[in-house]
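The values are calculated or read from the model by the stated rules, or taken from the named source; none is laboratory data. Worth saying up front: this structure is predicted, and the values here are computed from it rather than measured. To get the accessible areas, we keep the full protein, side chains included, count just its heavy atoms, and leave off ligands, DNA and RNA. Shrake-Rupley method; radii C 1.70, N 1.55, O 1.52, S 1.80 Å.
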Amino acid sequence: MVTRQRTYVLAGLLVALSLLTTVLLSSVLATVFFAITVAYVLFPLSEWFVRHGLSKRLAAAVTTVIAFVGGSLVLVPPAAVLYRRRRDLFAFFQQLPDSVTIVVGGFRYPINIEKTLAGLSESLRAVAVALASETPIIALKIVLFTILVYAMLWRPSAPGEVLYRTIPRPYHDLVTRFHERLRGTLYAIYVLQAATAFGTFLMAWAVFGMLGYKSAFSLAVVAGILQFVPVVGPSVVVVAIAAADVVTGDVVGALLVTVLGLALVGFLPDAVIRPRLARYTTGMPASLYFVGFTGGVLSLGLVGFIAGPVVVALLAETANLLAEERGPEQQALG
C-alpha cells in the first residue's frame with residue numbers, strides 16, 4: 001500500500017537527485033533547458049499531427065524535424081549573411097572619422113572611433129576562434145538537443161503524471177495555472193518574438209534599401225536579431241545609422257533614417273504583429289519581461305534569455321494566486 005509519507009519521501013529523494021544531477025550535468029544543463037522549453041511550445045503541433053492520423057512516434061519525429069529546420073533557418077542565415085557581408089560592414093564603419101568630439105555643457109569628450117573598432121574586431125576574432133575550437137562539443141549538444149525534443153514530444157505526459165501523483169489533489173489547480181502561464185510565456189518568447197523579428201527584418205531591408213544604404217540586407221539582419229532584446233530593440237540600429245550620417249555630414253539622410261526607421265522598423269512590426277499573436281500569450285507586461293531578460297542574461301548567460309522571463313512570469317503568477325486566495329473579509333480589510 002502506498003502511503004502519503006512514502007510518497008513524500010520519494011518526492012524528497014527526487015528533489016535531491018535532481019540537484020545532484022544538475023551539478024554533475026551542469027555543462028549540458030542549458031541544452032536540456034532549451035530542449036524542454038522548445039518541446040513545450042511544439043507539443044500542440046505534435047498533437048495536431050496525431051489528430052490527423054500520424055502515430056505518436058512519427059508525429060514526434062516530424063515535429064522535431066520541423067523544429068530543427070526552423071531553428072536552422074533562424075540561426076544559420078543571419079550568421080552566414082554577417083560573415084559574407086563583413087566587408088560591407090567594415091566599409092561602412094571605415095567611412096566614420098578616426099575620432100569624434102562631443103561637447104556637453106562646455107566640456108569636450110573625445111571619442112576614439114578607430115581604437116574602438118579595433119577592439120571590436122579583436123573581440124570578434126576571439127569569438128570566432130573559440131567557436132571553431134568548440135565545434136565538436138557544439139555538434140554533440142545539437143544531437144542531445146534533438147534527442148531530448150523527440151523524446152519529450154513522444155512521451156509528453158510522463159512528467160505531468162509524475163507531478164500530479166506527487167502533489168496532493170487540492171493543489172492540482174495550481175499546477176494547471178503554472179502550466180498555462182509557462183506555456184504562454186514560452187510562446188511569447190519563441191513564436192511571437194520570432195514572428196516580430198522576421199517582420200522587422202523585412203521592413204528594415206525595404207527601408208534601408210530604399211534609402212540607398214549598400215549594406216541594407218546586413219543591417220536588416222542585425223535589426224531583426226535585436227528585436228529579441230526587449231525595450232531597446234532595432235531602434236539601436238536606426239540611431240547608430242543616423243549618428244554615422246551626422247558624423248559624415250549627411251544631416252538630411254540622418255533625419256530621413258531616424259523618422260522612417262523609428263516609425264517603420266522600430267514601431268510598425270510591434271504594432272501590427274504583436275496584437276495579432278498576443279492572445280496566445282499570458283500578456284506579461286513589457287517591464288517585467290525586460291527585467292527577466294536582462295537579469296537572466298547577466299546571471300546565466302544565453303540560457304537566461306529564456307530562464308529569466310520564465311522565472312519572472314512564474315513569480316507574477318504566484319503573486320496572482322496569493323491575491324486570489326484572500327477571502328472576501330480579507331479583501332474588505334485590504
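General observations
- Converting phi to 3J(HN,Hα) with the Karplus coefficients 6.51, -1.76 and 1.60 and the offset θ = phi - 60°, region 290-302 yields 5, 4, x, 4, 5, x, x, 5, 5, 8, 10, x, 4 Hz in sequence order, with x at every glycine or proline.
- Compared with the direct C-alpha span, the chain from Glu47 to Ala11 gains 10.0 nm at full extension, assuming 0.36 nm per residue.
- Per-residue SASA entry for Tyr150, accessible area with 1.4 Å probe, Å² rounded to 10: 70
- A probe of 1.4 angstrom, applied to the heavy atoms of all protein chains, finds Thr258 with accessible area near 50 square angstrom.
- Mean accessible surface per residue for region 218-273, computed with a 1.4 Å probe while every protein chain stays in place, in Å²: 43
- For Arg125, solvent-accessible area (1.4 Å; no DNA, RNA or ligand), Å²: 120
- A 1.4 Å probe over all protein chains sorts His52, His172, His179 by accessible area into His52, His179, His172, starting with the largest.
- For the set Glu317, Glu180, the ranking by accessible area, highest first and with no ligand, DNA or RNA atoms included, is Glu180, Glu317 under a 1.4 Å probe.
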